[in-house]
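Comments concern the structure below.
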Amino acid sequence: TTRVLTGITTTGTPHLGNYVGALRPAIAASRQAGVDAFYFLADYHALIKCEDPERIERSRREIAATWLAAGLDPEQVTFYRQSDIPEVAELCWVLNCVTAKGLMNRAHAYKAAVDQNNAAGVEPDDGVTMGLFSYPVLMAADILIFNAHKVPVGRDQVQHLEMARDIAQRFNHMYGKGRAIFTLPEAVVDEEGAVLPGLDGRKMSKSYNNTVPLFEGGAKGLREAIARIVTDSRAPGEPKDAESSHLYPIFRAFATPEQDQAFRAALADGMSWGDAKKTVVDCIEAVVGPMRARYEELMAAPVRVEEILQLGAEKARKLAEPLMDEVRQAVGLRAAK
Ligand code: TYM
């Protein structure tokens, strides 16, 4: 069997980019024969970006409910919260001790912070915590503790997967005595959703404030977000090119091939941007609406969601514990058995 693993950081409210880039392909993968899936809420990662305990707590509940509403079956998938697996934090420390600082200097998130500081004329490391700096090491621990083979992610995470491989390789080389203690993980990028652009055409991201929320705000919120997309000034009746508008990639991520074709033909035929937006909203709502109803039920049942997470943590630790034992022995923290 192939072990597939992925996580979502529990800050902010899930948006269409998270759904198309991560949740949808991950859930589809979990239903395939021969796949053993591990999906989790990256709440330790959340502490890097967010200092508001209430926000973290709320976001965790939202993201847990989102996974379940989007079709994750907790019987089939090991679904858990990162901070319920103490072995993750423990392994993270061991990996910190084998990871070159120079490797972390190259990490996107850190480099972006430094660039921003330089542009602002302040110290390069101003406001950079060790959490942000070594974020990819924690991510490597998430993946390696379960010996995951495949990690479905959006394109922005590919560098972190390369780093996880580097770290695993180095550990195996240093301590494996010719044996691979860690499996080298592979990123799986779903080309369809690799980078879903946001309202302004840049990558949909909380940091750009260009997101379309998946459930928050209801159908009305969806309509309002789509209405904010800027289109060119072509009038109704004038032929329009679907592909040159920011509306299209969002639409295409939800449309069937038939809907896609009809949409492009209608625009070429002079459909107004207003009607195009309405078509886009209807198309997304047909997919998201039924999920939103389940989401709302789950948000109203926090105890049930917590039970599901505890069962997942129990299943996950059955694998994390023996691997961590092996690691302790390999590095000499415990006598080898
Ligand atoms: P996060 O929480 O920023 O994003 C979760 C997932 O959503 C994908 N994504 C997108 N995909 C397509 N288009 C977009 N506009 C878009 N925005 C976000 C991300 O690529 C990601 O797959 N560090 C990770 C979480 C994490 C993790 C892990 C992932 C922690 N440990 C171990 C995999 C394995 C993160 O912050 O993702």
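What follows draws every value from the coordinates through simple rules; no lab data is involved. Note that the coordinates shown come from a computational prediction; the quantities given were computed from them, not determined experimentally. With ideal geometry, Cβ positions are generated from the backbone for all residues, glycine too; neighbour counts draw on all protein chains shown.
Angle check, please: helix 302-331 long axis (alpha carbons) against the longest principal axis of the chain (alpha carbons), in degrees 0 to 90, nearest 10.
For helix 302-331, the angle is close to 40 degrees.
At q = 0.15 Å⁻¹, what log₁₀ I(q)/I(0) does the range 215-296 have when each alpha carbon counts as one equal point scatterer in the Debye sum?
Cα-only, vacuum Debye calculation for the range 215-296: -0.52.
Suppose a student asked you for the relative contact order of the range 216-282, using Cα pairs under 8 Å spaced at least 6 residues apart; what percent would you report? Intermediate results must be reported in sequence, preceding the final value.
Details: 56 pairs, mean separation 28.7, N = 67.
Relative contact order here is 43 percent.
How large is ³J(HN,Hα) for each residue in the range 201-209, as worked out from phi by the Karplus curve 6.51 cos²θ - 1.76 cosθ + 1.60 (θ = phi - 60°), to whole Hz, x for Gly and Pro?
Result, rounded to whole Hz: x, 7, 3, 5, 7, 3, 5, 9, 6.
Using 0.36 nm per residue of separation minus the Cα-Cα distance, give me the extension gain between Ala301 and Ala112 in nm, one decimal. Intermediate values should be presented prior to the final figure.
Values: separation 189, 0.36 × 189 = 68.04 nm, distance 3.86 nm.
Residue separation times 0.36 nm, minus the Cα-Cα distance, leaves 64.2 nm.
When N is the residue count of the chain, what does its C-alpha Rg come to as a fraction of 2.2 N^0.38 Å? Could the numbers behind the result be given before it?
On the way: Rg = 21.7 Å, N = 337, 2.2 N^0.38 = 20.1 Å.
Ratio of Cα Rg to 2.2 N^0.38 Å: 1.08.
Would you mind calculating the relative contact order of the range 148-307 from Cα pairs under 8 angstrom and at least 6 residues apart, reporting the percent as a whole number?
Details: 173 pairs, mean separation 29.0, N = 160.
Relative contact order for the range 148-307 comes out at 18 percent.
Taking a quarter of the surface of the convex hull around the Cα atoms of the range 10-150, what do you get in nm²?
For the range 10-150, averaging the hull's shadow over all directions gives 9.6 nm².
May I ask you to sort Asp269, Asp275 by Cβ crowding, counting other Cβ atoms within 10 Å and putting the fewest first?
Numbers: Asp269 10, Asp275 13.
Lowest to highest Cβ neighbour count: Asp269, Asp275.
Could you name the lysines in cross-link range of Lys240, using Cα to Cα under 26 Å and dropping any fewer than eight places away on the same chain?
Hits, sequence-local ones excluded: Lys203, Lys277, Lys278.
With each run of n ≥ 4 DSSP H residues scored as -39500 (n - 2.57), what mean residue ellipticity at 222 nm is computed for the chain after dividing by its residue count and rounding to the nearest 500 deg cm²/dmol?
Details: 14 runs with 177 residues, N = 337.
Estimated from H runs of four or more residues: -16500 deg cm²/dmol.
Anything over 21 Å Cα to Cα? Flag those among Lys177/Lys315; Lys49/Lys206; Lys177/Lys337; Lys315/Lys337, in the order listed.
Values: Lys177/Lys315 29 Å; Lys49/Lys206 11 Å; Lys177/Lys337 15 Å; Lys315/Lys337 24 Å.
Flagged as over cut-off: Lys177/Lys315; Lys315/Lys337.
Pairs of alpha-carbon atoms within less than 8 angstrom and 6+ residues apart define the contacts here; what relative contact order does the range 114-223 have, in percent? Could the numbers behind the result be given before it?
On the way: 115 pairs, mean separation 23.1, N = 110.
In percent, rounded to a whole number, it is 21.
Using +1 at the C-beta of Lys and Arg and -1 at the C-beta of Asp and Glu, which of His108, Phe171, Val35 has the Cα lying farthest in the positive direction of the dipole of the chain?
Sorting the options by dipole projection puts first Phe171.
Please state the charge dipole magnitude for the chain, taken about the Cα centre, from unit charges on C-beta atoms (+1 on K and R, -1 on D and E), reported in debye and rounded to the nearest 20.
Details: 39 positive and 45 negative charges, 137 e Å.
Magnitude of the dipole: close to 660 debye.
Suppose R0 equals 41 Å; then what is the FRET efficiency for Ala89 and Thr256 from their Cβ-Cβ distance, rounded to the nearest 0.05?
Plugging the Cβ-Cβ distance into 1/(1 + (r/R0)^6) gives 0.40.
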